[in-house]
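The values are calculated or read from the model by the stated rules, or taken from the named source; none is laboratory data. In this text, all values refer to a predicted model and were calculated from it rather than measured experimentally. Here the Cβ positions follow ideal geometry from the backbone for every residue, glycine too, while neighbour counts run over all protein chains shown.
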Amino acid sequence: MEQNQHDDAPVAAAAPTVGDVLLAIGELWPESLAEGWDAVGLVAGRAENRAAKILFTVDPSAAVLDEALAWGASMIVSHHPLLLKPVSSVAASGFKGDVVHRLIEAGCALVTVHTNGDSAVGGVSDVLADALGLRDVEPLAPAAGGLPEEGIGRVGDLGAPVTLGAFAEAVFSLLPAVAGGVRVAGNSDALVRRVAVCGGAGDSLFDRVRASRADVYVTADLRHHPAFEVREAAAGGPPYLIDVSHFGSEWLWLTPAADALGDVLGARGFTTDIRVSSVNTDPWDFVLTPGP
Ligand SMILES: [Zn+2]
């Protein structure tokens, strides 16, 4: 999107610095909301450099970097950290080191907005809850020391009960096309109204889901044992499970997040060109199923 274009002002003069963008990011998705194990904030880049073109992505993959640098991006905002675990080398012979080298050589900054983007109002799970039309939404796990509406995951109610099958179709239609599709546990004719969601891997929140009395839980990366145990304990009843692409569940957030950042920077008089990456970073390419 273009923000506050003025014909008489050169774009570069009105572009924010990386530091200006970091201030806006801190306002929208405060680092204080990030989980203790997380690594958010600036990964590469100089605060004083200009950031006229900003690209949002779920993952800082090589293909995303190709796209960003071909466009002339001066900053990438990635949901997932490039360097979550400590490293002792950023040699370009490794794929992460290669990304770091390409960023620095091109003068492109990289910033991570991860669990701070999950927890914040307007964050990943909020966007998912909004897209599904949930009402009276609250966090599944409120943030320690945060506002009551901040925290991981969300739970809320549909306007009217629908079948699990129809609800799963609605979830499927919202998300980008990925090879793995959408997996559902539960009878497709069962009615659901109360819905819990967690963008990304959410199987650590099952106790919260049960406590919330959700009929169905939408999240990603559900592993066999946690999912099996939830379904056995439920004896065929709720909570039903909808397992979606990790990438897809977080991709929904990119456009509203890009819009929000553009709004904050625009309100401060900065001109920016902010885009969402067109690269699908879901790692799966095809799936085999037994058929109907
Ligand atoms: Zn994630």
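Could you list, in sequence order, all residues of the stretch 45-57 that are under 27 Å from residue 249 (Cβ atoms), more than 16 Å from the ligand (Cβ to nearest atom) and buried (at least 22 other Cβ atoms within 10 Å of the Cβ)? Steps first, answer last, please.
Taking the stretch 45-57 as the starting set, the residues that turn out to be under 27 Å from residue 249 (Cβ atoms) are 53-57.
Imposing the further condition that a residue be more than 16 Å from the ligand (Cβ to nearest atom) reduces the set to 53-55.
Those that are under 27 Å from residue 249 (Cβ atoms), more than 16 Å from the ligand (Cβ to nearest atom) and buried (at least 22 other Cβ atoms within 10 Å of the Cβ): 54, 55.
Would you confirm, using the coordinates I've provided, whether residue 283 is part of a loop (DSSP other than H, G, I, E, B), within 14 Å of the chain's Cα centre (by Cα) and not assigned by TED's automatic domain parsing to the domain that holds residue 74?
No; evaluated as a whole, the condition is false for this residue.
Only one residue in 147, 164 is away from the ligand (no atom under 16 Å from the Cβ) and farther than 16 Å from residue 216 by Cα. Which one?
147
Out of 77, 100, 43, 21, I need the residue that is touching a Phe, Trp or Tyr at 6+ places or on another chain (Cβ under 6 Å) and modelled with pLDDT of 95 or more. Which one? Even if it seems obvious, please write down each step before you answer.
Working: 100 fails: touching a Phe, Trp or Tyr at 6+ places or on another chain (Cβ under 6 Å); 43 fails: touching a Phe, Trp or Tyr at 6+ places or on another chain (Cβ under 6 Å); 21 fails: touching a Phe, Trp or Tyr at 6+ places or on another chain (Cβ under 6 Å).
Unique residue meeting the criteria: 77.
With the condition kept exactly as written, say whether any residue in the stretch 117-139 is farther than 22 Å from residue 246 by Cα and away from the ligand (no atom under 16 Å from the Cβ). Spell out the reasoning first.
If we filter the stretch 117-139 for residues that are farther than 22 Å from residue 246 by Cα, which is where we start, we get 135-136.
Next cut, away from the ligand (no atom under 16 Å from the Cβ) only: 135-136.
Within the stretch 117-139, one or more residues are farther than 22 Å from residue 246 by Cα and away from the ligand (no atom under 16 Å from the Cβ).
Condition first: under 20 Å from residue 46 (Cβ atoms) and among the hydroxyl-bearing types (Ser, Thr, Tyr). Can you find one or more residues in the stretch 105-114 that meet it?
yes
Can you name the residue in the stretch 58-89 that is buried (at least 17 other Cβ atoms within 10 Å of the Cβ) and among the β-branched types (Val, Ile, Thr) and, of all such residues, is nearest to residue 277 (Cα to Cα)?
Selected residue: 64.
Return the residue satisfying two criteria in turn: it lies in the stretch 134-149 and is in contact (Cβ under 8 Å) with a residue 60 or more places away in the chain and of a type outside the set (Gly, Ala, Ser), and of such residues it is farthest from residue 196 (Cα to Cα). Walk me through how you get there before you give the answer.
Initial filter on the stretch 134-149 (in contact (Cβ under 8 Å) with a residue 60 or more places away in the chain): 134, 140-141, 143, 145-146.
Those left that are additionally of a type outside the set (Gly, Ala, Ser): 134, 140.
Details: 134: 9, 140: 7 Å.
Filtering first and then ranking leaves 134.
Please name all residue pairs, on different chains or six or more residues apart, with Cβ atoms under 7 Å, provided the first residue is in the stretch 41-56 and is more than 19 Å from residue 271 (Cβ to Cβ) and the second residue is part of a loop (DSSP other than H, G, I, E, B) and of a type outside the set (Lys, Arg).
These pairs meet every condition: 43/82; 43/83.
For the condition closer than 21 Å to residue 245 by Cα and away from the ligand (no atom under 16 Å from the Cβ), what is the one hit in 106, 62, 92?
Criteria check complete, one pass: 62.
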